[in-house]
Amino acid sequence: MKWQSASVADALRRLDTDAAKGLSDEQAENRFLEFGPNQLKSKKKTNILVKFLRQFNDFMIIILLFAAAASFAVSFINNEGGYADPIIILAIVILNAVLGLAQESRAEKSLEALKSLSAPMARVIRGGRARHLPAKDLTIGDIIVLESGDSIPADARLVSAVNLKVEESALTGESEPVSKYSNILIPDEAPIGDCKNMVFSGGLVAYGRGRASVVAIGMDTEVGKIAGMLMEHEAPETPLQKKLEQTGKTLGLAALGICALIFIMGLLRNIQPFEMFMTSVSLAVAAIPEGLPAIVTIMLALGVQRMARENAIIRKLPAVESLGGATVICSDKTGTLTQNQMRVVETYGNAMKEMILSYAVLCNNSIVEQNGEVIGDPTENALVYAALDAGIDKNELEALWKRVGELPFDSERKMMSTLHKIKGEGAVSITKGAPDVILKRCAHYSDKGAARAMDAEKLREFEAANAKMAGKALRVLAVAYGKPDKFGCGIRETNLVFAGLIGMMDPPRKEASEAVAICKEAGIMPVMITGDHIATARAVAKKIGILTIGDQSMTGQEISEMTEREFEGRISKCTVFARVSPEHKVKIVKAFQKMGHVVAMTGDGVNDAPALKAADIGCAMGINGTDAAKEAADMVLTDDNFATIVKAVKEGRGIFDNIKKAVHFLLSSNIGEIITIFTAIFMGWQTPLLAIHLLWVNLVTDSLPAIALGMDPAALDIMKRKPRANNESLFSGGLWQRIASEGFMIGALALLAFGIGAVYFDTDGSNRIATTMCFATLSISQLFHAFNMRSDESILKIDLLGNPYLIGSLAIGIAMQASVISIPALSLIFKVTPLNRHQWFAVFMLSLMPIIIVEIQKFFNSLWIRRKKAYA
């Protein structure tokens, strides 16, 4: 059916719903069972078999498979019966693929869980009550409530509209918001862009408010018909992932070059070509860090899950990297730094308090439920509660003073107005908003109900009262009224009668002061940005520590009057910005960025979207934030709390640290494997390890310890460090040198184990024990080396049991390594021999050496740093 051609009454009748009460719970339940959830069909998921086969889509793995096939063929042709090598190579490659598949599936599940956490919500009237429901629970006939900033959750026929404008560019390509009306009829053949009595899923309320009855959900919506265009794209790689992928390719090419050189050197040493080929290919597979981007993805996903538990939902993975480097956090005051529980504590004016509050609750969009619960904006709710305390019932008042028109609150105008018809008394226009704005529009003031001319002295009195209230950190609203325009049908916002001032208190959050102190210790500049009066903003900022001695504050008007150069010259000293518009917020963000800062910005309104997009990390409010703000943001705070941003920064720093640890561990271990083989061949010694040994070491050491490092808790002093530079390399601070030196150390220890085995234990000259000791030392030393990554300080200064996952990876790794050596059937396949207790003692002493050597290195490093600080 074409709903645009049906009248409101006809549409409601056909949908069997009520504009005021909506569907009953029973109706909604039955229709949900009939029509299903309100969601688009997701992309067809990749078959698990395809995912598994994709694990083999790597050049070196393919070569290794061909090598295994060639080994099998040679053994078959020569009738040697030695199929152990190709079988074990295949087994290890398949096991690696299974682990890769498990990691990929875990990352996908993590990201799917995050999507469900940030699922859109909708306001709906059911059984006569306003409710917040997940958008997927909407059904045909539901009455949805639309306000500025809301995302349209389904296709719906408007049943009421007040100055409603909807942005529908996703459907029509039209960038300008479209005015919407309920009481018009549109021809059936009209295109979507002309259906001005309809709203469509995917649209965004740019202005005004309204109610609509759902006519289509899920795949039956206009968006559903073109769902392929709106499906979720794959999450883009983060800059760090791209950088590591490039680093991996560079190291891979270098490893291939070294492996090719080893192959040639082996031939020159008269080692069998096929044996050298297998060794070289296996070394390349083990040494090339092709898993780096995948490991980073898993770490990011795990970190993002931890953030979600701390009330910070990450919508875009690159934000995790940016968070760790944040140097400025620009925060809204109301609800983020304060409790968002406004209460009226003071009124001022010559009019009676009851009159001021009556006008304030009429010019108000809060809804009072039958049980007394008030739903709506916290500021407006405070006015309603104050009126109830004074014996004024909003619902009763609205029954007498029927609202017939509205100009919604706008951050540009800083006020809202409503028009009311009073039974038998004509009409009145009521305006409430910022005192400095309202007072300029008042020609009179109310003196106990009588309108008197506003002279300069009276204006100064009201301005002084406003300043005094603001000085107490009260949020102040002014209320005024007037007769409609001369035609008697329009809202008047000039030549008003001033009714009075209302002062409200929203106390700072208890945790805000501590979070601000942590920010400052971490080298992060906390900045308050608010639409409130400058005196109110300064009072709250002083209370929580944002505004201290030497800090400055600035108003939006001052920003507008400054040149760009003047503004950039002052901004570094400003920690409070008051009476700002959305354009000012963008200007503030860009000015800080121009100075080299990484900026996090909070926002909740539809007009905050540009600033959220401009910031390095846009943080939308989860409770009071509009869908527009959430859509533009990188992160959503589910508790609207400033302290949550600080926790997220800490988590971001921890994630970056852990990624650095994993990269450090993987690359130093891989270099150790290359050094072991390269040195032996170069010196003309017997090849200490076979192809299956290298692949096994890669399996034991490359996955579990690296992921366990990603689970490492953040260092205790992580928020006492200065933020890293925005362009700082992952390998800064001498990391490359440490990776190379530690790689040489691991290689040297493996070769020393081979030498000890050959000289002291291999009496028959077979070097079987030497190879086994080298194999065990190369693997186990890397497992112990992972503990060196946990801190740049001595591991004796940190909680050794603080990462149970790393301890688990050590235990599993040692058990796996011991099993292939000690179990006869496996030792035969791996061409090693069981070791006695003396040989195992030597292996474990050598395997522990990385901890001892790196501890000595850390000691001298700390000594040098302390001496450098002493001379500074």
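The values are calculated or read from the model by the stated rules, or taken from the named source; none is laboratory data. It should be emphasised that the depicted structure is a prediction, and the values quoted were computed from it without experimental measurement. Cβ coordinates were reconstructed from backbone atoms using ideal geometry, including for glycine residues, and neighbour counts include every protein chain displayed. Just so you know, the surface numbers come from the protein's heavy atoms only, side chains and all, with ligands and any DNA or RNA stripped out. Shrake-Rupley method; radii C 1.70, N 1.55, O 1.52, S 1.80 Å.
Given R0 = 45 Å, the distance between the Cβ atoms of K165 and L253 translates into a calculated FRET efficiency of 0.20. Between F841 and D799, the simple spin-label model (points 7 angstrom out along Cα→Cβ) gives 3.6 nm. Accessible surface for region 736-872, divided over its residues, is 52 Å² per residue with a 1.4 Å probe.
Which lysines does K421 reach when only Cα atoms under 19 Å apart count, and residues fewer than 8 places away in its own chain are ignored? Hits, sequence-local ones excluded: K394, K402, K432, K483, K486. From its DSSP helices (H runs of at least four residues, each -39,500 (n - 2.57)), the chain gives a residue-normalised ellipticity at 222 nm of -16000 deg cm²/dmol.
In terms of solvent-accessible area of protein heavy atoms at a 1.4 angstrom probe, what is the ranking of D640, D447, highest value first?
Details: D640 5, D447 40 Å².
The ordering from most to least exposed comes out as D447, D640.
Using equal-weight Cα scatterers in the Debye expression, the normalised intensity of region 679-740 in log10 at q = 0.12, 0.16, 0.26 Å⁻¹ is -0.61, -0.88, -1.16.
Given 0.36 nm per residue, what is the gain on full extension from L863 to A102 after removing their alpha carbon distance, in nm?
Numbers: separation 761, 0.36 × 761 = 273.96 nm, distance 4.38 nm.
Stretched fully, the L863-A102 segment lengthens by 269.6 nm.
The lysines whose alpha-carbon is closer than 18 Å to the alpha-carbon of K661, local same-chain residues fewer than 8 away aside, are K242, K243, K650, K797, K858. Extension gain, E26 to I549: 0.36 nm times the residue separation minus the Cα-Cα distance gives 182.1 nm. Taking Lys and Arg as +1 and Asp and Glu as -1, the other residues whose beta-carbon sits under 10 Å from that of A156 total 0. At a probe radius of 1.4 angstrom, the accessible area of region 472-615 per residue rounds to 41 square angstrom.
How much length, in nm to one decimal, is gained on full extension between S513 and I62, taken as 0.36 nm per residue of separation minus their Cα-Cα distance?
Here the answer is 156.6 nm.
Once C-alpha pairs closer than 8 Å and six or more residues apart are averaged by separation and normalised to the residue number of region 354-486, the relative contact order reads 21 percent.
Looking only at trypsin sites (Lys or Arg not before Pro) in DSSP loops with at most 13 other Cβ atoms within 10 Å, what is the longest site-free stretch of the chain? Counting only loop sites that pass the neighbour cut-off, the longest clear stretch is 46-422. Placing L783, L459, L185 in order of accessible area, with the largest value first and a 1.4 Å probe, yields L185, L459, L783.
In this structure, E354 and K594 have a Cβ-Cβ separation that, at R0 = 51 Å, corresponds to a calculated FRET efficiency of about 0.45. Of the solvent-accessible surface of the chain, computed with a 1.4 Å probe and all protein chains present, 58% belongs to carbon and sulfur. Please work out the C-alpha center-to-center distance from region 653-687 to region 583-644 and express it in whole Å. Rounded to whole Å, the Cα centres lie 42 Å apart.
Would you kindly find the accessible area of F32, with a 1.4 Å probe and non-protein molecules such as ligands, DNA and RNA excluded, rounding to the nearest 10 Å²? Ignoring ligands and nucleic acids, F32 comes out at about 70 Å².
Please give me the summed charge of the neighbours of D640: other residues whose Cβ is under 10 Å from its Cβ, Lys and Arg +1, Asp and Glu -1. List each step's numbers first, then the result.
Details: positive: R509; negative: D332, D604, D639.
With Lys, Arg at +1 and Asp, Glu at -1, the neighbours total -2.
Between E34 and R413, how high is the FRET efficiency from 1/(1 + (r/R0)^6) when r is the Cβ-Cβ distance and R₀ = 35 Å? Nearest 0.05. Spell out each step's value before the answer.
Details: r = 45 Å, r/R0 = 1.29.
With a Förster radius of 35 Å, E is 0.20.
Annotation for region 396-431 versus region 789-859: alpha-carbon center distance of 76 Å. Which of the pairs K520/K573; K180/K316; K613/K720; K41/K316; K647/K868; K594/K660 have their Cα atoms more than 24 Å apart in this structure? Long pairs (Cα-Cα over 24 Å): K180/K316; K613/K720; K647/K868; K594/K660. Quick check: net charge around S741, other residues with Cβ under 15 Å of its Cβ, Lys/Arg +1 and Asp/Glu -1? Summing Lys and Arg as +1 and Asp and Glu as -1 gives -1. Close amide H pairs (under 5 Å, H built 1.01 Å from N) link S148 with G208, residues at least 5 positions away or on another chain. Couplings for region 30-40, taken from phi via the Karplus curve 6.51 cos²θ - 1.76 cosθ + 1.60 with θ = phi - 60°, read 5, 5, 4, 5, 6, 9, x, x, 8, 8, 6 Hz in order; Gly and Pro are left as x.
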